[in-house]
Amino acid sequence: MDMAWHAQRDWPILEWGLAGRLRRDCMEEWTRFIHHPFVKGLANGTLPQEVFQRFLIQDYLYLIQYTRACALSVHKSTTVADMREAAALVSGILDTELPLHVGYCKGWGIDEDMLRKAPESLQLLAYSRFILDRAQTGDLLDLLTTLAPCMIGYGEIGARLHAAPATRREGNPYWSWIALYGGDEFTTLVEDGIRRLDRIGQQYGADARYPMLKEEFSTATRLEAAFWDAGSEFPLS
Ligand SMILES: Cc1ncc(CO)c(N)n1
């Protein structure tokens, strides 16, 4: 029996609509992102703790920049319904995800002061400034397309690792990370994001603009793949 995880069978919405088309057309970059050695280290628990800590610090700084870009999606919305949806995502990150991240870092011995004082890595600078550029110069569709690999990719990684028989559960220090991104709450967020991208795509003429959208999705995916090494510049302590 084939035990491998297939989006088509295990999470079909991943292949649906505009997001599905972009993911398929950028499969080479996508594979490098979601099957990165860092992800394998999370799955089998062999990733060195210090490497994970340095990554978490950069990821916290990333979420702040990501939230600033999301805030611009409120400004770019042209209907009150779209504004509300965008604003809900901004408060969701500020009130739920960021405090969770701070609590999670504390469990790994990283306090808030360390988070605040940490220098931004080149990977973070490149990725966040790319997102903020698309957020400032593009419209709502450019922005949501640029933000899509982040949300969908972590959702797919979470779902894959959660389901894979090869993933170590007991005694794996990274199981809580896997459970978060493979859990129901994050899964629902990703599914809402996939539907929203498709709806905005239809509204904003995605078909005619597809080459540019593909470029945005592809670049963001390459930057996600590079981001696994975001902590590598900075030794702890
Ligand atoms: C770099 C990165 N991409 C995606 C996510 C998912 O929120 C995250 N926390 N960090």
If you average over every viewing direction, what projected area does the convex hull of the Cα atoms of region 38-83 give, in nm²?
-> 4.5
Provide the three semi-axes, in whole Å and in decreasing order, of the ellipsoid equivalent to region 142-223 as defined by the square roots of 5 times the Cα gyration tensor eigenvalues.
-> 30, 13, 8
Would you calculate the separation in nanometres between label points at Ala179 and Lys40, each defined as 7 Å from the Cα along the Cα-to-beta-carbon direction?
-> 2.6
Equivalent-ellipsoid semi-axes (√(5λ), Cα gyration tensor) for region 66-158, whole Å, largest first?
-> 25, 16, 13
Quick one: what are the phi-derived ³J(HN,Hα) couplings along region 63-68, Karplus 6.51/-1.76/1.60 with θ = phi - 60°, whole Hz, x for glycine and proline?
-> 4, 5, 5, 4, 5, 4
Inter-label distance, nm, simple model (7 Å from Cα along the C-beta direction), Gln203/Gln136 | 2.5
Could you give me the ³J(HN,Hα) list for region 73-80, computed from phi with Karplus coefficients 6.51, -1.76, 1.60 and θ = phi - 60°, whole Hz, x at Gly and Pro?
-> 6, 5, 4, 7, 5, 10, 10, 5
How far apart, in nm, are two points set 7 Å out from the Cα along the Cα-to-Cβ line at Arg24 and at Ala88?
-> 2.9
With N denoting the number of residues in the chain, provide Rg(C-alpha) divided by 2.2 N^0.38 Å, to two decimal places.
-> 0.99
Once normalised by the length of region 48-227, the mean sequence separation of its alpha carbon contacts under 8 Å that are 6 or more apart gives a contact order in percent of 25
What are the trypsin sites (Lys or Arg not before Pro) within region 137-237 that DSSP puts in a loop, where the Cβ has at most 15 other Cβ atoms within 10 Å?
-> Arg169
Applied in sequence order to region 193-204, the curve 6.51 cos²θ - 1.76 cosθ + 1.60 (Karplus, θ = phi - 60°) yields integer Hz couplings, x standing for Gly and Pro, of x, 5, 5, 5, 4, 5, 5, 5, x, 5, 5, 9
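None of the figures in this text is laboratory data; all of them are computed from the coordinates on show. A quick note: this is a predicted structure, and the numbers were derived from the prediction, not measured. As a convention, Cβ positions derive from the backbone with ideal geometry for all residues, glycine included, and neighbour counts pool all protein chains shown.
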